[in-house]
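Structure provided below as structure tokens; questions to follow.
The values are calculated or read from the model by the stated rules, or taken from the named source; none is laboratory data. Since the structure is predicted, the reported quantities are computational estimates derived from the model, not experimental observations. Cβ: placed from backbone, ideal geometry, glycine included. Neighbour counts: every protein chain shown. Note: areas computed on protein heavy atoms with side chains; ligands, DNA, RNA excluded. Shrake-Rupley method; radii C 1.70, N 1.55, O 1.52, S 1.80 Å.
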Amino acid sequence: MPSAVRLRNVVIDCPDPLALARFYAAVAGGTPEAEDDEWVTLRVPDGPRLAFQRAEEFVPPEWPRGDRSQQFHLDFDAGSTWEELDAAHEKVLGLGARALDVEDREKKDFMVYADPAGHPFCLCRIDVDNRL
């Protein structure tokens, strides 16, 4: 079936758009492009375009939270080996991420973090035969 529209951006609310765009550029690549203090776009190589929008009264999601959903999160392919996942783990922590759930990674093949503004994201170990 032909699509009616094409996805333009994944927009992430945050208190400091440029700082958060720089974090994700260090994680996934690309160069932040600031239109102004309110909106920054990041074109991730081989990935979606992320946009960061200033939200003055931003309240970060709480994870995990059983009484309401987290709304959304980003998944990143961190490689197919545990060594690649460990290297990505160290990198995101060094960039300011906070580990939320890094237990049982062998069962789940992913670990959960919060970015500097508090949004959850995952580093995933991907089977090279099953990449999308």
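Need one number: nm distance between label points at K108 and E90, each 7 Å from Cα along Cα→Cβ, rounded to one decimal.
2.2
Add -39500 (n - 2.57) for each DSSP H run of 4 or more in the chain, then divide by its residues: what number comes out at 222 nm, to the nearest 500 deg cm²/dmol?
Calculated from helices alone, the mean residue ellipticity at 222 nm is -6500 deg cm²/dmol.
Express the C-alpha Rg of the stretch 1-73 as a ratio against the empirical globular expectation 2.2 N^0.38 Å, rounded to two decimals.
1.24
So with the 1.4 Å probe, I'd like the accessible area per residue for the stretch 39-102, rounded to whole Å².
For the stretch 39-102, the per-residue accessible area is 64 Å².
Still on this structure, please answer the following. Given the peptides 75-84, 9-18, arrange them by the average over their residues of other C-beta atoms within 10 Å, most packed first.
So the peptides 75-84, 9-18, ranked by packing, come out 9-18, 75-84.
Let me ask you something else. Relative to the longest principal axis of the chain, what angle (0 to 90°, nearest 10) does the C-alpha long axis of helix 17-28 take?
30
Return, for the Cα atoms of the chain, the radius of gyration and Dmax in Å, separated by a comma.
Just the Cα atoms of the chain yield Rg and Dmax of 15.4, 44 Å.
Okay, next question. In nm, what is the difference between 0.36 nm times the number of residues separating F58 and V5 and their Cα-Cα distance?
Contour length minus Cα-Cα distance gives 16.2 nm.
Here is a follow-up. Considering only protein heavy atoms and a 1.4 Å probe, what is the carbon-and-sulfur percentage of the accessible area of the stretch 1-122?
49
Quick one: helix 82-94 against the long Cα principal axis of the chain, what's the angle to the nearest 10°, folded into 0 to 90?
The answer is roughly 40 degrees.
With both bridge residues required to lie in the chain, what share of the DSSP beta bridges run antiparallel, to the nearest 5%?
65
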